[in-house]
Amino acid sequence: MTKTLILLFHPHFVGSRANRALLDAAATVPKVEIVDMQALYPDGRIDADAEVARLVAADRLVLQFPVQWYSTPPLLKAWQDAVLTRMFYLAYEAEGAKLAGKPLLIVATAGNIEAAYAPNGANLFPLRDLLRPLEATAHRCALAWAEPFLLYDARRADAEALQAAGAYYISRLGRLPAAGC
């Protein structure tokens with residue numbers, strides 16, 4: 001069975017109903033490992049050895065986070081700098097090459113409604129477009145880019161909407177292929 005690794009990068013996870021609902025749903029899926037990166041690295045000092053080993057052992061990768069100022073939380077960027085730089089620029093043959101073909105799913109929550117992420121909306125650009133740097137990173141790392149899972153209006157979503165989002169998340173995880181498939 002395929003192992004799915006979900007790395008949660010949420011600076012205030014305790015107060016997040018939306019990300020909690022998504023992770024609670026994902027935790028019901030067999031062979032899913034969930035890592036709360038903020039809890040693991042509250043000081044931002046990332047153990048690159050442990051993270052490389054975690055990535056290499058996984059068959060499918062998921063990065064989950066709230067969108068903050070049109071970007072990822074700072075710890076996700078620090079993780080990319082520490083882990084991916086090492087894997088792809090310092091130890092490609094021994095480490096980076098081992099990620100080739102593994103699927104990458106981005107799971108992003110946004111506090112605003114979907115209409116705000118339109119050319120005439122408050123945020124000017126579609127959320128999908130704001131994630132393009134992550135798509136470029138996936139390309140550079142030879143990861144198989146999956147269409148992102150986006151949850152809008154995360155702060156105001158009621159229990160029914162969050163339950164539906166969790167069910168859809170489970171469905172998306174189930175359809176995420178393993179490397180090379």
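Side notes on the structure shown:
- Segment 1-50 versus segment 113-165: alpha-carbon centroid distance in Å: 18
- Computing P(r) over Cα pairs in 10 Å bins from 0, in percent directly from the structure and comparing it against (1) 10, 37, 33, 14, 4, 1, 0; (2) 8, 33, 33, 18, 7, 0; (3) 9, 38, 38, 13, 1 singles out (3).
- Heavy-atom SASA rank of 102, 3 (probe 1.4 Å, accessible area, largest first): 3, 102
- Each residue of segment 130-143 is assigned a 3J(HN,Hα), and the resulting list reads 5, 8, 4, x, 6, 5, 5, 5, 4, 4, 4, 8, 6, 8 Hz, derived from the Karplus form 6.51 cos²θ - 1.76 cosθ + 1.60 (θ = phi - 60°), x at Gly and Pro.
- Each Lys or Arg adds one and each Asp or Glu subtracts one; over the other residues with Cβ under 9 Å from the Cβ of residue 105, this totals +1.
- Nearest-ten-degree value, helix 159-175 long axis tilted from longest Cα axis of the chain: 30
The values are calculated or read from the model by the stated rules, or taken from the named source; none is laboratory data. As the structure is a prediction and not an experimental result, all values here were calculated from the model. With ideal geometry, Cβ positions are generated from the backbone for all residues, glycine too; neighbour counts draw on all protein chains shown. Remember, those area values only see protein heavy atoms, side chains included, never the ligands or the DNA or RNA. Shrake-Rupley method; radii C 1.70, N 1.55, O 1.52, S 1.80 Å.
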